[in-house]
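Below: the structure, in structure tokens.
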Amino acid sequence: MKNLLSEELERYQTLSNYNTKFTLTENIIVNEQLGVSLKSAQKAFKTIGKDIGAFTKISGKQLDTLLNMSDDTFAKELTSAMNKDLKNTKANQANGFRMAASKELSKIQAIRDITRKQTALLAKVPPKVLTVKQIDNIIAKVKNANDLKYSSIKSTKKPGGTTGGTKTAPGPGGGNRGKAGGVAAANPSLIARIKAGMSWPTLLKVGAGIATVGVLWWLFKDNSPTPPPIPEPPEPNPKPIPEPPNPNPTPSKYKTCPDTFPIAMYCKNETVRKVQGCLSIKTDSAFGPGTQSALVAKGLPGTEITQNTVDVACGSKVVEPVVDPNVDLIDGEDATKL
């Protein structure tokens, strides 16, 4: 039964990742692709302005090993961690112990997926950077899939422990079936009475009664197949609690700067707007982290904007910036944090 449920889970995972444009063999190869290197993961997270060290507690050689695993090997490692969690949960039920070992592995899986997606976007022309919403969607997808897998493994576990039988001390009869004070007196059960010397008519009546009960049980028992266990629904993502308004708002980092080179970070002017238009990002005239990430993806330092920055970003053709009506250009705080 356990093997059957494991096969069903693997089949579900294969179908959920199935690409209709590929053959079955190609889909199997894609689903069992190799992992990612630690260097590419660090580059991807640096591009999106994230820190791997703040995302997971696992680091060093262990992190490198987990990232380099193939998808098939990593899935087995995650399943082993979930089984370990189930065992520890039973031992620490009073403390609410749950998914401690597999929680960090779920984060590693999210790092692998984010790295692959960001690496693919950087290979495009022009290169793009994952948005916050896309990153949150990847993390939520990994969490929901692993919660479902954890619930499926949990539903296959049977409660352990067996009840051992108890021995009854022999009666004062010393095992003599013919004496009234023997085994029958000390053990008034049906088996003890048979051993003590029950008469044949009585034995026939008892046998007929047992047979009748057996036939009735067979006729009225539910012979329908046992339905598969219903997996527990994944835990819903709690809605973030909005932060109360700050009575003393922090002044904006951004300021209006002249259109002369070099242009430093947190400056706002028309040159920044033109460079943003060439990079195909929102043109809010503010030189912030988002604009810096786009410059880095273009192969530029991104610490400042110079004439060389404009030449590389825009090329020989000068692209006029497109005004985005959805961008709030109120001086004091940049709504897009770019």
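Read-outs: derived from the displayed coordinates by stated rules, not from any lab. This structure is a prediction, so every number in the text was calculated from the model and none was measured. Don't worry about glycine lacking a Cβ; one is built from the backbone with ideal geometry, like all the others, and counts go over all protein chains shown.
Points to keep in mind about this one:
- Shape of the range 249-311 from the C-alpha gyration tensor: prolate (a/c of 1.5 or more and a/b above b/c, with a ≥ b ≥ c the square roots of its eigenvalues).
- Here each label is just a point 7 Å from Cα along the line to Cβ, and for VAL312 and LEU34 those points are 2.9 nm apart.
- Annotation: amide H of LYS128 within the under-5 Å range of LEU122, sequence separation 5 or more or interchain, hydrogens built in the peptide plane.
- Residue-wise HN-Hα coupling along the range 133-138, computed from phi with Karplus coefficients 6.51, -1.76, 1.60 (Hz; x: Gly, Pro): 5, 5, 5, 4, 5, 5
- With a Förster radius of 22 Å applied to the C-beta separation of LYS141 and LYS298, the computed FRET efficiency comes to 0.15.
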